[in-house]
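Enquirer: This is the structure I have questions about; it appears just below.
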Amino acid sequence: MNTHKNIFTTELLLAKDAAKKAGEYLIQNKSKLNTSLLSNKKDIKLQADISAENLIKNIISSESNIPILAEESGMSSDNVDKIFWVVDPLDGTANFSRDIPICCVSIALVEELKPIMGVIYDFNNKDLYEGSIYSKAAVNDQVISVSKVTNPEEGILITGLPNATDYSNNALREMIKNFQDWRKVRMIGSAAMASAYIASGKADLYTEKTT
């Protein structure tokens, strides 16, 4: 277990380095990267997604032999091991494109289909979130914890409307009914940032209905 933990610590440092460098790259080159490659009624892909992903993959693959599953390019190897990286180079692309400062770089390590480590870099605020099976969740090396709020009437719910959202009258009535249980409801446009907000106690629950 100690050997596994030592290897894991090395990979965590690598993920943090890759996330920070990708975030800095996105900020410094935004005018060049904010170019649409694909756009439809529900989604958008920018040059930023592709370029940041390539940067992250190059950094990770230079130090790690673990396969990479990336949002834009898929799996880096046909031989998928029990452990692999998962990379979202820019979560909140639409926000990024419109100068809404809620977006991030997200990198995780998955073993036997279970997340064992994750790094989220909120590059607009220079906040680096991390969590793992061996260490406490933290932001900028300061330990964080979830909210102690248990009553929805006192809490903040973060949610979203995925592409496949059912907008029928019945579905909307059910959605509104659920929202009314909460003091406040927020839609921020980044699932990774929502997860970081929950982990750090900024909000109390994150949920999206996917079907």
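Enquirer: Which whole-Hz ³J(HN,Hα) couplings does segment 98-104 yield from phi under the Karplus relation 6.51 cos²θ - 1.76 cosθ + 1.60, θ = phi - 60°, glycine and proline marked x?
Expert: 3J(HN,Hα) across segment 98-104, in whole Hz: 10, 6, 8, x, 10, 7, 6.
Enquirer: A further question follows. If you find the alpha carbon centre of segment 82-109 and of segment 140-179, how far apart are they in angstrom?
Expert: 20
Enquirer: Springs between alpha-carbon pairs under 10 angstrom, Gaussian network model over the chain: which of Asn151, Asn169, Asn178 fluctuates most?
Expert: Asn169
Enquirer: Let me know the Kirkwood hydrodynamic radius for segment 129-173, please, with Cα pairs as the basis and the value in Å to one decimal.
Expert: It is 14.3 Å.
Enquirer: Now for a separate question. Would you calculate the separation in nanometres between label points at Asp43 and Glu112, each defined as 7 Å from the Cα along the Cα-to-beta-carbon direction?
Expert: Going by the 7 Å Cα→Cβ label model, 3.2 nm.
Enquirer: Quick one: pull the percent of accessible area on segment 56-117 belonging to carbon and sulfur, 1.4 Å probe, ligands and nucleic acids left out.
Expert: Using a 1.4 Å probe with all protein chains present, segment 56-117 comes out at 46 percent carbon and sulfur.
Enquirer: DSSP beta bridges in the chain, what fraction antiparallel, as a percent rounded to 5?
Expert: Taking every DSSP beta bridge with both residues in the chain, the antiparallel ones total about 75 percent.
Enquirer: Kindly provide the Kirkwood hydrodynamic radius of segment 150-211 in Å, to one decimal, from all pairs of distinct alpha carbon atoms.
Expert: So the Kirkwood estimate lands at 12.1 Å.
Enquirer: Could you size up the charge dipole of segment 68-129 around its Cα centre, putting +1 on the beta carbon of Lys and Arg and -1 on that of Asp and Glu, and report it in debye to the nearest 20?
Expert: Using Cβ point charges on Lys, Arg, Asp and Glu, segment 68-129 gives about 140 debye.
Enquirer: For Ile158, which sequence-distant residues (separation of 5 or more, or a different chain) have an amide H within less than 5 Å of its own amide H, given hydrogens modelled in the peptide plane?
Expert: Amide H neighbours of Ile158: Arg186, Asp204, Leu205, Tyr206, Thr207.
Enquirer: Suppose we flag trypsin sites (Lys or Arg not before Pro) only when DSSP calls them loop and at most 15 other Cβ atoms lie within 10 Å. Which is the longest uninterrupted stretch of the chain?
Expert: Excluding the exposed sites themselves, the longest stretch runs over 1-40.
Enquirer: How large is Rg over Rh for the chain, taking Rg from the Cα atoms and Rh as the Kirkwood inverse mean of 1/r across Cα pairs?
Expert: Rg/Rh: 0.98.
Enquirer: Span-like helices, the chain: DSSP H, alpha-carbon axial extent 27 Å or more, mean Kyte-Doolittle -1.0 or greater, which ones?
Expert: Answer set is 2-28.
Enquirer: Same structure, new question: Tell me whether segment 70-156 comes out rounded, prolate or oblate; compute the Cα gyration tensor, take square roots of the eigenvalues as a ≥ b ≥ c, and use a/c under 1.5 as the rounded threshold.
Expert: Taking the square roots of the gyration eigenvalues as a ≥ b ≥ c, segment 70-156 is oblate.
Enquirer: Next question. Loop only per DSSP, at most 11 neighbouring Cβ atoms within 10 Å: give me the chymotrypsin sites (Phe, Trp or Tyr not before Pro) in segment 159-204, ordered by residue number.
Expert: Filter output for segment 159-204: Tyr167.
Enquirer: Collect residues whose amide H, placed 1.01 Å from N in the peptide plane, falls under 5 Å from the amide H of Ile68; neighbours closer than 5 in sequence don't count.
Expert: Ser76, Ser77, Trp85
Enquirer: Can you tell me the accessible area per residue over segment 42-103, all protein chains present, probe 1.4 angstrom, in square angstrom?
Expert: That works out to 50 Å² per residue.
Enquirer: Now for a different question. Given axes a ≥ b ≥ c from the Cα gyration tensor, I'd like to know whether segment 107-211 is rounded (a/c under 1.5), prolate (a/b larger than b/c) or oblate.
Expert: prolate
Enquirer: Ok, one more. Suppose each label sits 7 Å from its Cα in the direction of the beta carbon; what would the Ser62-Ile27 distance come out to in nanometres?
Expert: Calculated label separation equals 2.0 nm.
Enquirer: Could you give the length gained on full extension between Ser145 and Met75, defined as 0.36 nm per residue of separation minus the Cα-Cα distance, in nm?
Expert: 21.9 nm
The values are calculated or read from the model by the stated rules, or taken from the named source; none is laboratory data. For clarity, every value in this text was computed on a predicted model and none was experimentally measured. Counting neighbours? That spans all protein chains shown, and the Cβs are built from the backbone with ideal geometry, glycine included. We work out accessible area using only protein heavy atoms, side chains counted, and drop any ligands, DNA or RNA first. Shrake-Rupley method; radii C 1.70, N 1.55, O 1.52, S 1.80 Å.
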